[in-house]
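Asks: So that we are looking at the same thing, I have put the structure below in structure tokens.
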Amino acid sequence: MAIWTISRQFGSGIREIRYEIAAALHYTYADKKIIMNEIRERGGKWEKWANEFDQSTPTTWEKYDWSFKGFGALLQSILLRHALQDNVILAGRGSNFLLEDIPHAYRVRFVAPMEQRIERIAQWESVDTKKALSIAKKTDRERAGFVSALYGRDMNDPGSYDAVFDTGAIPHEKIVVIVKEALSDKDKLKTDRAQNILKMRAIAARVKAGLTIDTKLYVPTLEVDCTETELLVRGIVHNSGQYTRIEVAARELAGDIPVKIELRFRS
């Protein structure tokens, strides 16, 4: 089936919608728990940094620090790896941007009137309405800042999604029907070529994550892009020794995928 990415305002009340659709279509959910468990397997301080950075606005210093760059690369690699599986829901974190131009990805944003969000948050968090409003505004601000830092994009831009649903204006039952039908239509676009594009994007993300978190290969400016047939590693290195280490590591991480190296020496 198609991939379903969900971006939501906290308190938009989509839990039942997601559960109903996931149960009907046998979808799994790559949520925070799954993501954190996979990052934990990396050991070191990655779990700690993941808990600090996940869906929070980094400071200017943190945005350019190795720890945030490493977490971002790991997160994107994990999300894309899950996207390769059938019947999967990706929980926010800019996954709609990662899957841009993937024809069988259905990228959805859920919003709701602030009054309804406050009511839900107050009930969930056992707080008064004033505190609930504060939580809603802070969560909106932190999530938007996180996505902006990681992708340089505005998560509130409706043009970044295939559909935006206002749960305060559209009945639950109607949203379920629309999403199920849209996923069925998107599934018809899941061609071998589309899957290969997604596969190459996932491999590029895996290589970037591996290079980024390797303390022996620290490169402040590193990008790993892909075509439909090869990977392209770009960055700035200090010397020929660092160049060789990155090249060897990139080819090892890429497996049998051709890798083109375009590293430049710092002048």
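The values are calculated or read from the model by the stated rules, or taken from the named source; none is laboratory data. Small disclaimer: the values here were computed from a predicted structure and weren't measured. Heads up, the Cβs are rebuilt from the backbone with ideal geometry, glycines too, and the neighbour counts pull from every protein chain shown. Heavy atoms of the whole protein, side chains included, go into the accessibility calculation; ligands, DNA and RNA do not. Shrake-Rupley method; radii C 1.70, N 1.55, O 1.52, S 1.80 Å.
Asks: When you go through L231, L183, L217, L198 one by one, which is the residue that is open to solvent by less than 50 Å² (accessible area, probe 1.4 Å) and touching a Phe, Trp or Tyr at 6+ places or on another chain (Cβ under 9 Å)?
Replies: On the way: L231 fails: touching a Phe, Trp or Tyr at 6+ places or on another chain (Cβ under 9 Å); L217 fails: touching a Phe, Trp or Tyr at 6+ places or on another chain (Cβ under 9 Å); L198 fails: touching a Phe, Trp or Tyr at 6+ places or on another chain (Cβ under 9 Å).
Only one candidate qualifies: L183.
Condition check ((1) open to solvent by 50 Å² or more (accessible area, probe 1.4 Å); (2) within 20 Å of G11 (Cβ to Cβ); (3) more than 17 Å from the chain's Cα centre (by Cα); (4) charged (D, E, K, R)) across all residues:
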{"site": "L99", "(1), (2), (3), (4)": "no, no, no, no"}
{"site": "F110", "(1), (2), (3), (4)": "no, yes, no, no"}
{"site": "R117", "(1), (2), (3), (4)": "no, yes, yes, yes"}
{"site": "E125", "(1), (2), (3), (4)": "yes, yes, yes, yes"}
{"site": "D128", "(1), (2), (3), (4)": "yes, yes, yes, yes"}
{"site": "A144", "(1), (2), (3), (4)": "no, yes, no, no"}
{"site": "S148", "(1), (2), (3), (4)": "yes, no, no, no"}
{"site": "G168", "(1), (2), (3), (4)": "no, yes, yes, no"}
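Asks: For region 1-120, give me every one of the strands (runs of 3 or more DSSP E) that falls completely inside it and has 1 or more residues that are in contact with a Leu (Cβ under 9 Å, 6 or more places away or on another chain) and of a type in the set (V, I, T). Steps first, please.
Replies: On the way: elements: 3-8, 28-30, 88-91, 105-111.
Strands (runs of 3 or more DSSP E) meeting the threshold: 3-8.
Asks: Here is a follow-up. Could you list, in sequence order, all residues of region 40-92 that are in contact (Cβ under 8 Å) with a residue 12 or more places away in the chain and among the β-branched types (V, I, T)?
Replies: Scanning region 40-92 gives T57, I78, V88, I89.
Asks: Just wondering, is there one or more residues in region 239-251 that are among the basic types (K, R), under 19 Å from the mean Cα position of the chain (by Cα) and either under 17 Å from G70 (Cβ atoms) or open to solvent by 20 Å² or more (accessible area, probe 1.4 Å) (or both)? Working first, answer last.
Replies: Residues of region 239-251 among the basic types (K, R): 245, 251.
Restricting the remaining residues to those that are under 19 Å from the mean Cα position of the chain (by Cα) gives none.
Looking for residues that are among the basic types (K, R), under 19 Å from the mean Cα position of the chain (by Cα) and either under 17 Å from G70 (Cβ atoms) or open to solvent by 20 Å² or more (accessible area, probe 1.4 Å) (or both), one finds none in region 239-251, hence no.
Asks: Considering V207, V177, which residue is of a type in the set (V, I, T) and touching a helix residue (DSSP H, G or I) at 6+ places or on another chain (Cβ under 7 Å)? First the steps, then the outcome.
Replies: Details: V177 fails: touching a helix residue (DSSP H, G or I) at 6+ places or on another chain (Cβ under 7 Å).
From the options V207, V177, the qualifying one is V207.
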